[in-house]
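Working notes, beginning with the structure itself.
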Amino acid sequence: MTSERHPPSTRRRRGGVVPAALAALAALLLGACGSGGTSTATGAGGSATLKWASSYFPTHWDPVVSGSGAQFRQLALVYASLTRTDAKGNAVPDLAESWQYNDAGDEVTFHLRPNLTFSDGVPVNADAVKQAIERARTQKDSALFGDLTSIESVTTSGELDVVIHLTQADHQIPLLLGQRVLQVASPQAAADPAKLDQNPVGAGPFIVEQLIPGTKAVLRKNDRYWDAANIHIDRVELVSAPDPATVVSGLQTGVYNFADILPSQAKAAKGAGLDVFVQPGFNASNISLNINKPPFDNPKVVDAVRHAINRQEFVDKITFGYGSATSQPFPEGYIAFDPQSKDPYPHDPAKARRLLSEAGYEPGDIRLDLVIPNEMAAAEIVQSQLGAIGITVDIRIDKNWTTPFFAKDLTLSIYGTTGRDSAAQTLTAHFGPDGPLNLSSPYEPPGFEAAIAKVRETPLDAPDYAQTLQAATRAGLESRALVFTYSQPNLYAKNTAISDLPANPGHIEWTGVTFGD
């Protein structure tokens, strides 16, 4: 399973939430002439060329291996999916033009668009989609198998109908099988997964012409993409972003015309005459506890940590006004956000110290390693806030963090997730007994299994769907394994010649995007 961290717009340097890079940016902007709105967005021959600098350039181009982390946004240049998500977070057609459930809700048939091909000429048919799902479920290095556990089998009916047989009623499948989980590769190319990993072949809006692993990808428009008429970009030059301090200057001078940025850079980007695109999403950060290990096997210690956390400090020091405090894995206003669980453990250091005393711990008795994958300001905030109630925290960076985390060997960690299009999937990932983001597996809170089963049984358009979903969130938040802290959108800076992007939550969508003169 791949690491589910926040996109790089949340990454900070230890030693201060306003990094030294901002000083360099400020100096740069003092001498700038605001050229961000005038630099060209076209390449040789006048073609519309997207020059995208990304701080999360894909490590893998096989969507089965890459998983559903933030890199799916780049892979979506190459691969189409059965469905995609609109601005309201609803599943809408992509490779599948429609779908229907049986009466029991445990079988769904996707009807594919006719006459589609992958970029290698192989037909996009029911068998190709069947093979894609089966590979995601069974390939040894698949990062997606845990997302597909409700699928019992896949069959085909004719050339264009894919029938998915489920182990239970599950109306979340159209949301699940979108860009984050089922980007469909050509079965001919996927016969050699290692080769596909650096030579991607899909049926998406663009075709890879050149790929330098970890550094650069050059793509051209796929004229055979089903919605090619609404793709107005001729070429894409995707590069791994250099040091964040140089991104804004690169955008000003036309080296790039689109890039993800840190919240701390948004003001500088606007001052440089660039557009800042605020992409809504499902991002949420948390503190992860292993209740199978002391001291968190004592509920009073868990409650002490809950009351020690001042969420607003995370918002103020990390998000620069673009984020919000949250006590659950969803931002406020999202359909799965439970109003009844808005702030069940308010910041109260005195109460936290009292709970530790009741648990038999004096100040300084508890010393813990906070294990993280890279430097981040959030770790220092956790260290300070827990230190204020008498828990000593030592920050330890482990570049191979995913191994001990997913093995459930850690006692204390923090991470952020990009969320899922299916809220039920987000909940099970965090709170389910086999949830990859549940550091306390196989623990799950009482009542959660029944609550999430009810969500799956409820059609997405049912009048009580939102209420049922929020009840499942409420049940999940009884978990003692997670303390959520803050949520924030993804931020991108772009040349003003590029039109506004669709505000589809969590997704970078190029359909309809145009380049001005």
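The values are calculated or read from the model by the stated rules, or taken from the named source; none is laboratory data. As the structure is a prediction and not an experimental result, all values here were calculated from the model. Don't worry about glycine lacking a Cβ; one is built from the backbone with ideal geometry, like all the others, and counts go over all protein chains shown. Quick note on the areas: whole protein, heavy atoms, side chains included, nothing else; ligands and nucleic acids left out. Shrake-Rupley method; radii C 1.70, N 1.55, O 1.52, S 1.80 Å.
Selection of first residues in segment 488-517 that are on the phi > 0 side of the Ramachandran plot and of second residues that are assigned to a loop (DSSP other than H, G, I, E, B), restricted to Cβ pairs under 6 Å at least 6 apart or on distinct chains, gives the following pairs, ordered by first then second residue: 506/281; 506/282. The condition of being assigned to a loop (DSSP other than H, G, I, E, B) and either crowded, with 22+ Cβ neighbours inside 10 Å or free of Cβ contacts under 8 Å to residues at least 40 places away in the same chain (or both) holds for only one of 459, 446, that being 446. Checking each residue in segment 181-201 for being part of a loop (DSSP other than H, G, I, E, B), touching a residue at least 24 places away in the same chain (Cβ under 8 Å) and open to solvent by 20 Å² or more (accessible area, probe 1.4 Å) picks out 197, 198, 199, 201. Consider segment 104-149 and keep the residues that are part of a loop (DSSP other than H, G, I, E, B) and open to solvent by 50 Å² or more (accessible area, probe 1.4 Å). The one that is nearest to residue 61 (Cα to Cα) is 141. When segment 220-276 is filtered for residues that are part of a strand (DSSP E or B) and either touching an Asp or Glu at 6+ places or on another chain (Cβ under 6 Å) or under 22 Å from residue 47 (Cβ atoms) (or both), the ones remaining, listed by number, are 220, 221, 235, 236, 237, 238, 239, 258, 259, 275. Considering only segment 223-239, state which residues are open to solvent by 50 Å² or more (accessible area, probe 1.4 Å) and either modelled with pLDDT under 95 or charged (D, E, K, R) (or both). Within segment 223-239, 223, 224, 234, 235, 237 meet the criteria.
Scanning segment 366-384 for residues that are touching a residue at least 12 places away in the same chain (Cβ under 8 Å) and surrounded by fewer than 14 Cβ atoms within 10 Å (Cβ to Cβ) gives a single hit, 367. Quick one: would you say residue 164 is touching a residue at least 40 places away in the same chain (Cβ under 8 Å), assigned to a helix (DSSP H, G or I) and within 27 Å of the chain's Cα centre (by Cα)? Against the criterion (touching a residue at least 40 places away in the same chain (Cβ under 8 Å), assigned to a helix (DSSP H, G or I) and within 27 Å of the chain's Cα centre (by Cα)), residue 164 does not qualify.
A search for C-beta distances below 6 Å between a residue of segment 272-285 that is closer than 24 Å to residue 483 by Cβ and of a type in the set (Phe, Trp, Tyr) and any residue that is open to solvent by less than 10 Å² (accessible area, probe 1.4 Å) and at pLDDT below 95, counting only pairs 6+ apart in sequence or on different chains, returns 282/419; 282/506. The set of residues in segment 412-436 that are open to solvent by 10 Å² or more (accessible area, probe 1.4 Å), farther than 29 Å from residue 380 by Cα and of a type outside the set (Asp, Glu) comprises 425, 433.
Within segment 378-403, the set of residues being at pLDDT 95 or above and part of a helix (DSSP H, G or I) comprises 378, 379, 380, 381, 382, 383, 384, 385, 386, 387. Per the listing 398, 409, 394, the residue uniquely surrounded by 14 or more Cβ atoms within 10 Å (Cβ to Cβ), free of Cβ contacts under 8 Å to residues at least 60 places away in the same chain, among the charged types (D, E, K, R) and farther than 26 Å from residue 506 by Cα is 398. Listed by first and then second residue, the pairs with beta-carbon distance under 6 Å, at least 6 apart or on different chains, first residue in segment 169-180 and of a type in the set (Asp, Glu), second open to solvent by less than 20 Å² (accessible area, probe 1.4 Å), are 170/150. Confirm whether residue 481 is surrounded by fewer than 22 Cβ atoms within 10 Å (Cβ to Cβ) and aliphatic (A, V, I, L, M). When the stated conditions are applied, residue 481 does not pass them. Would you check if there is a residue in segment 231-243 being of a type in the set (S, T, N, Q) and within 29 Å of residue 417 (Cβ to Cβ)? So far as segment 231-243 goes, yes, one or more of its residues are of a type in the set (S, T, N, Q) and within 29 Å of residue 417 (Cβ to Cβ). Hey, any hits in segment 342-358 for a residue that's part of a loop (DSSP other than H, G, I, E, B), over 25 Å from residue 488 (Cβ atoms) and open to solvent by less than 50 Å² (accessible area, probe 1.4 Å)? No, that holds for no residue. When segment 487-507 is filtered for residues that are touching a helix residue (DSSP H, G or I) at 6+ places or on another chain (Cβ under 6 Å) and open to solvent by 10 Å² or more (accessible area, probe 1.4 Å), only 496 remains.
Scanning segment 462-478 for residues that are part of a helix (DSSP H, G or I) and open to solvent by less than 40 Å² (accessible area, probe 1.4 Å) turns up 465, 466, 468, 469, 471, 472, 473, 475, 476. Contact map, segment 329-342: residues that are within 20 Å of residue 435 (Cα to Cα) paired with residues that are part of a loop (DSSP other than H, G, I, E, B) and open to solvent by 20 Å² or more (accessible area, probe 1.4 Å), Cβ distance under 7 Å, separation 6+ or inter-chain. Pairs shown: 337/331. Residues in segment 409-434 that are at pLDDT 90 or above, part of a loop (DSSP other than H, G, I, E, B) and of a type outside the set (D, E, K, R): 410, 411, 422, 432, 433.
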